[in-house]
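Heads up: the structure comes next, in structure tokens.
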Amino acid sequence: MNTSEDSLELRSQLDCLYEATLCLNSLQSMEETLPDLVTLLRPLVRIRIAVLLERQESLRTISWREAAVSDGEFEGAQSEAANQLKYLSGLPGSDFDSIDERRGSPAAASTAITIPLIVDHSPIFGVLYLNCHLLTETDITLLHALGGHISIVLDRRLQVKVQQQQRAKVQQQADDLQRMQAEKLSEARFHMLAESLPQMVWTADPRGDVTYVNQRWIDYTGYDLAQSRSGNWLGAVHPDDRKKAEMAWQKAQAEGCAYEVEFRVADRLGNYRWHIARATVEREEDDSIRRWVGTSTDIDYEKRAHLLLLEKNERLVLLSELANDLLTLTVPEDIIRNVFDKISGRLSLDLYLNFIVIPETNKLRLDSYHGIDEDQAQIINPLSWGVGICGAVAAGKQMIMVERMQDLTDPHMEIFRQNGMNACVCYPLIVRNHLIGTLLFGSIKKSTFESDDIELLRTIGDQVAVAIDRIYIEQARFDAMTDLENAREEADSANKAKSLFLANMSHEIRTPIGIILGFAGLALEENPEIEPEVALKTILRNGQLLAQLIDDILDLSKVEAGHMEIERVPTSIHEILDSLSTLFQFKAGEKGLALNVEISTDVPDTIITDPLRLRQCLVNLVGNAIKFTERGEVEVKVRMIEPTGVNEGLGCRLLEFEVRDTGVGLDEIQQNKLFQPFSQGDLSTTKKFGGTGLGLFLSRNLARTLGGELYLSHSSPGLGSTFYLTVDVSSEAAPSRAPSESSASSFNIRSSLEGVNILLVEDAPDNQMLIKKYLEIAGAEVTIACDGREGMEKAMAGSFDLVLMDIQMPICDGYQATSSLRQCGYMKPVVALTANAMRGDRERSIRAGFTDHLMKPINPKQLVMVVKQAAQKKSFNPNHH
């Protein structure tokens, strides 16, 4: 190569070196600079692979290769560069282990050069490994020069970096010192602020351990900083709130979020007050938690007011729910059970007792209960007023609360103690100032009841009382409506029966009246076909039948009014049965029936009873038996029987009459209506056999009045019936009374009143004539007055032995006339004549001054007997009336 070419090449190398120096002095990183250097050198040196290894704090590899270089060759070059660096620097092999493991294939037909990177006599800090196609001496010189420049640049960069690091360290130390001083100042200010606040203030490290508490915390809780560490601060929190506080604190720590919770904190004396605890996070610049800063603020007044409001609202809701339930429930036991189910959990109740007042007594009935067994309930049911808690509440009508029952020795508390009750409260159930019962609640857990609980239970008790009273009122209203409906149905039934009765009575009355009028008319016409005696007997018989109908109607009114009277006198049972046989033998014979009467040997001849009423019962029974029997027989048996049932042990002597027939009999429906008034078997029976339907109803009531009973023993359709009549015939003093028809039946009226002068005061001419004729037949002398005033005048003017005075008369009635006579000093006997047959008529007559009382229609024998007895008294004695 000639000189000019050498000079030109040298210049090119210098220019390249200059450009490389400029490139190295740029602000680019070596990763960016190495490819640029290779690009500058390639026109002079054909570089295939370039590897720059720099060792400062750590080994750094910067590589480049041309596109044709394989991965294996490239890795081999990197490994060779590392080996050269180890060889040249004498560094431990461990720093190059990661490179030594690369095993690439050696470069083929190429030249490699390793240029150490070193400044002055400093240790080598790197190598520049170049793999080229071909290198000349000039290339090697150029590359070594380039290596020197690279070494200087890298060293300078290293020095700059070291200086920067030193300056940064000094600045960091200054910053840390300033920060620490600022933190100390801030902490001092924080502590000063924390100590001046009324709240309890605290801080905690990132782990949650307390690092600071202010004096307010120490003064209130008694816990200093050491005692508050490691979660010990929870000891000041109410046991019921600790879990809530701890879980909220753990959640805040885990999530790095704000902490807020309400709990009760105890002071030094153990008194708890509500606080709200809040904590926020102070974070470092890297957003990590530096510490927690928290406060605890006293909210006791607000919290208790809030809780009280909530409690009141809950109780209002509860009372509203109970009120709705109480409006729908219709059984007192369901009401109490529903109330207990709703409040037992809220108020820790384990027992209730509901007593209801037993009307018209001083006792309580246990209506419903819970918490005691059935045997215990029987012990306290019923409960007298004043006995036990509930009895005392009923007597005083005041609430009673009993505390610590297990410590009491009162025997009335034994049942409560057996069931573990520790406290109870009992309320009177009062509506409109009227006690209807008591309600007691008991608790095992409670030793007493708070005032709010007492007031709530009192309100509930008032609601329960109103609900139970409402049920009673509704039940009473329902019962009244039911009774009213039953009464209406009974009234309708009675009206129908009475309508039927009136229709029957119309027939029963018109029939004898028609016969009486008919035969009387024939007798007046002197019809030769009608014998006078037959006509008169027919008229008499139908008149008696008509009188019996009227007597039945009067007896019915007495029975319905409860005014039936009896006369208990010595009576011949044989005479009654003989008259019964005489009365019905003819009727039985007309129908071809046998009438048999059998008297047991144990029946005495004389019994004590009312002969008229007994005969009335027997006439009805035997008459019915004959009426409803078409063939066969009617049998009457009389015997003495032993008293049973309600009569047993009362000294009764019962006479029993058995009346059996072989007649039509009765089905079950007819038997059920048999003893009802105005009722017979059915309408067809009434039409076929006649009758008013009063006989058996009257006879049963008469039998009971006589101390016995009338009942149907058995009956079957077509097979006949058997009735039993019992009467009490034991000895008993009989009240004085006018002679009855039975006692007058054997009395002979002729000449009985011989020489007796009688004044008859009667306004009806027919009665005047009839009564006068009866008395004249008996031998009396009779003077007639037509009204009360005339009767008074004649009585005062004449010398009569006795006055017979009608009651209902014009001008002046019998009561007024007799009363006036007595006031004027008239002392002769005065006997009342009246059609009034109701209870009290006789007593009214006696009070008016009458000596005795006779009812129309007049029985001639009874008339003569009464007049004779009265005339024998000679004068009126008011003290005997």
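The values are calculated or read from the model by the stated rules, or taken from the named source; none is laboratory data. The model shown is predicted, which means the values in this text are computed figures rather than measured ones. Neighbour counts run over all protein chains shown; Cβ positions are idealised from the backbone, glycine included.
Within region 287-318, the set of residues being buried (at least 17 other Cβ atoms within 10 Å of the Cβ) and within 24 Å of the chain's Cα centre (by Cα) comprises Arg315, Leu318. Filter region 740-762 down to the residues that are more than 28 Å from Thr606 (Cα to Cα) and surrounded by 19 or more Cβ atoms within 10 Å (Cβ to Cβ), then identify the one that is modelled with the lowest pLDDT. Among those that are more than 28 Å from Thr606 (Cα to Cα) and surrounded by 19 or more Cβ atoms within 10 Å (Cβ to Cβ), it is Leu753. Counting only residues that are touching a strand residue (DSSP E or B) at 6+ places or on another chain (Cβ under 6 Å) and over 25 Å from Glu137 (Cα atoms), which one in region 17-54 is surrounded by the most Cβ atoms within 10 Å (Cβ to Cβ)? Among those that are touching a strand residue (DSSP E or B) at 6+ places or on another chain (Cβ under 6 Å) and over 25 Å from Glu137 (Cα atoms), it is Glu54. When residues in region 604-620 are screened for being modelled with pLDDT under 90 and touching a Phe, Trp or Tyr at 6+ places or on another chain (Cβ under 7 Å), 0 of them pass.
Listed by first and then second residue, the pairs linking a residue in region 425-453 that is closer than 14 Å to Tyr352 by Cβ to a residue that is of a type in the set (Lys, Arg), with Cβ atoms under 7 Å apart and 6 or more places separating them unless they lie on different chains, are Tyr427/Arg458. Taking region 470-499 as the range and being surrounded by 12 or more Cβ atoms within 10 Å (Cβ to Cβ) and among the hydroxyl-bearing types (Ser, Thr, Tyr) as the test, the residues that pass are Tyr472, Ser493.
Across region 860-881, the number of residues qualifying as out of contact with any Leu (no Cβ under 8 Å at 6 or more places or on another chain) and modelled with pLDDT of 80 or more comes to 5. Within region 428-459, the set of residues being assigned to a helix (DSSP H, G or I), in contact with a helix residue (DSSP H, G or I) (Cβ under 6 Å, 6 or more places away or on another chain) and either among the hydrophobic types (A, V, I, L, M, F, W, C) or farther than 19 Å from Glu311 by Cβ (or both) comprises Leu456 only.
In this entry, Gly632 is excluded by the filter for residues that are modelled with pLDDT under 90 and small (Gly, Ala, Ser). Of all the residues in region 760-792, those that are in a helix (DSSP H, G or I), out of contact with any strand residue (DSSP E or B) (no Cβ under 8 Å at 6 or more places or on another chain) and either in contact (Cβ under 8 Å) with a residue 60 or more places away in the chain or not hydrophobic (A, V, I, L, M, F, W, C) (or both) number 7.
Filter region 160-216 down to the residues that are assigned to a helix (DSSP H, G or I) and under 30 Å from Gln250 (Cβ atoms) and list them by number. Correct list: Glu183, Ser186, Glu187, Phe190, His191, Leu193, Ala194, Glu195, Gln215, Arg216.
Taken as a whole, the structure leaves Thr221 outside the set of residues that are under 18 Å from Glu284 (Cβ atoms), surrounded by 12 or more Cβ atoms within 10 Å (Cβ to Cβ) and of a type in the set (S, T, N, Q).
In the condition set (1) in a helix (DSSP H, G or I); (2) hydrophobic (A, V, I, L, M, F, W, C); (3) within 22 Å of the chain's Cα centre (by Cα), Leu366 is compliant with all but (1). Among the residues of region 787-838, those identified as small (Gly, Ala, Ser), under 23 Å from Gln862 (Cα atoms) and surrounded by fewer than 21 Cβ atoms within 10 Å (Cβ to Cβ) are Ala835, Ala837. Return a yes/no flag: does region 677-684 have any residue that is at pLDDT 70 or above and not basic (Lys, Arg). There is no residue in region 677-684 that is at pLDDT 70 or above and not basic (Lys, Arg). Scanning region 249-261 for residues that are of a type outside the set (Gly, Ala, Ser) and crowded, with 17+ Cβ neighbours inside 10 Å yields Trp249, Gln253, Tyr259, Val261. Just one of the listed residues (Phe125, Phe96) is assigned by TED's automatic domain parsing to the domain that holds Leu44, under 22 Å from Leu24 (Cβ atoms) and at pLDDT below 85, and it is Phe125.
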